[in-house]
Amino acid sequence: MKPAMVLAVMLKEVRQMARDRMTLAMMIGIPTLQLLLFGYAINPDVRNLPAAAADMAGTAGSRALVQDMWATGVVRPEAGARTPQELQALLREGRIKVGVLVPPDFERRRVEGREAVQVLVDGSDTSVQAAARQLAAMPLDAGNPAAKAAPAQVSVLPLYNPRRISAINVVPGLIGVILTMTMVMFTAMAIVRERERGNLELLITTPVSSGELMVGKVLPYIAVGLVQVSVVLLLGAALFEVPIRGSLAGVYGAAMLLIVANLTLGLFVSTLARTQFQAMQMAFFLFLPSILLSGFMFPFDGMPRPAQWIAEALPLTHFMRLIRGVILRGASLADLWPEVVALLGFTAAMMAMATLRFRKRLD
């Protein structure tokens, strides 16, 4: 082995990498993105959970207790409620994560040392359960020496996943992760592959418009995505007993929204990449923040505000709220209409950008 030959090949590879700006950007961008995400955005200490209180007692003591809970920083008032039914409706719609229920006989329960306050928790997110349990340590018997022998209690009631089984929380989210990973990558490579193989020359001679080509590229993969959804649902029910409390139509409707959003995103990526390798790099670059910021692996409410703004621009974030709401909480798509609107808006924007960037010519 001649060192000069090895050096020549090495210099050739360095020059080739320097000319490939996309690869060079990914070499620097991916580790930088990971450092920023794990250093600043990922925070397992969940704070400021959106909450509502139904104070049915209306006494000075009950009002003081609710204010003390807001002061902990674990929860923050997001909506108002007057009855347990209204609290459960807010939880089902995903508008709040925690509901504080103070019964009408709060003062008597506190004096007798019985359960005086009930905290309803959205159990579809296990991290929320762990954070809300801090409220169970709230002192209810200050200034009540007669109750010290049997202190009053704050009970935490996790709804939708009372046994805290991680698979029930993870499997619905996996639908979104799998669809994001596969749909974006499939379509990101679609046009690039045809350009590399020369098939794009055949399309140049046809009367197909840019929009028709984009839609034609998307439609076959929708069926593939729906098959993937069915496989995950069947395995989740058979192996982990994941319940489907909402309608199957709602589940597939939510999946369809994410599939189309990811396919249009992949089409846009395919108009930026020049090679299949670049398309895969860009798809991975988009997949990394999606899985870390969407609330699948780490609690969304624990992230700093700038990270939450970025997460709101990712379709997986809205799908996580949709699919957990439909499967675990029994909500309908109408209950979760803000997430539906966000996914439709993302799809329209990506489709428009992909169509405008696509040129039915070799360049």
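In the stretch 136-165, what residues are modelled with pLDDT of 70 or more and open to solvent by 80 Å² or more (accessible area, probe 1.4 Å)? Within the stretch 136-165, A137, Q153, P162, R163, R164 qualify.
Residue pairs whose Cβ atoms lie under 7 Å apart, separated by 6 or more positions or on different chains, with the first residue in the stretch 98-123 and more than 20 Å from V75 (Cα to Cα) and the second open to solvent by 10 Å² or more (accessible area, probe 1.4 Å) and basic (K, R), are E115/R109. Summed over the stretch 316-344, the residues that are open to solvent by 40 Å² or more (accessible area, probe 1.4 Å), part of a helix (DSSP H, G or I) and either farther than 20 Å from E93 by Cβ or charged (D, E, K, R) (or both) give a count of 1. Look at (1) within 18 Å of L343 (Cβ to Cβ); (2) modelled with pLDDT under 90; (3) open to solvent by less than 20 Å² (accessible area, probe 1.4 Å); (4) hydrophobic (A, V, I, L, M, F, W, C) and you find that M181 fails only one, number (3). If you check L292, L265 for being modelled with pLDDT of 90 or more and touching a helix residue (DSSP H, G or I) at 6+ places or on another chain (Cβ under 6 Å), only one passes: L265. Among all residues of the stretch 250-262, there is none that is loosely packed, with under 15 Cβ neighbours inside 10 Å and either under 22 Å from V341 (Cβ atoms) or among the hydrophobic types (A, V, I, L, M, F, W, C) (or both). Quick check, is A313 touching an Asp or Glu at 6+ places or on another chain (Cβ under 8 Å), within 16 Å of G176 (Cβ to Cβ), open to solvent by 20 Å² or more (accessible area, probe 1.4 Å) and of a type in the set (G, A, S)? So A313 does not fit the description; no. Is there a residue being of a type in the set (D, E, K, R) and surrounded by fewer than 17 Cβ atoms within 10 Å (Cβ to Cβ) anywhere in the stretch 264-280? Yes; the residues of the stretch 264-280 include at least one that is of a type in the set (D, E, K, R) and surrounded by fewer than 17 Cβ atoms within 10 Å (Cβ to Cβ). Anything in the stretch 90-99 that is open to solvent by 20 Å² or more (accessible area, probe 1.4 Å) and not in a loop (DSSP other than H, G, I, E, B)? List them, or say none. Within the stretch 90-99, R92 is the sole residue that qualifies.
Each row is one residue, and each column tells you yes or no for (1) in a loop (DSSP other than H, G, I, E, B); (2) in contact with a Gly (Cβ under 8 Å, 6 or more places away or on another chain); (3) polar (S, T, N, Q); (4) surrounded by 14 or more Cβ atoms within 10 Å (Cβ to Cβ).
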| position | (1), (2), (3), (4) |
| --- | --- |
| P50 | no, no, no, yes |
| A57 | yes, no, no, yes |
| G61 | no, no, no, yes |
| M69 | no, no, no, yes |
| A79 | no, no, no, yes |
| Q88 | no, yes, yes, yes |
| L101 | no, no, no, yes |
| R109 | no, no, no, yes |
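The values are calculated or read from the model by the stated rules, or taken from the named source; none is laboratory data. All values derive from a computational prediction rather than experimental measurement. Ideal geometry is used to build each Cβ from the backbone, glycine not excepted, and the neighbour counts take in all protein chains shown. Side chains are part of the model used for accessible areas, which takes the heavy atoms of the whole protein and leaves out ligands, DNA and RNA. Shrake-Rupley method; radii C 1.70, N 1.55, O 1.52, S 1.80 Å.
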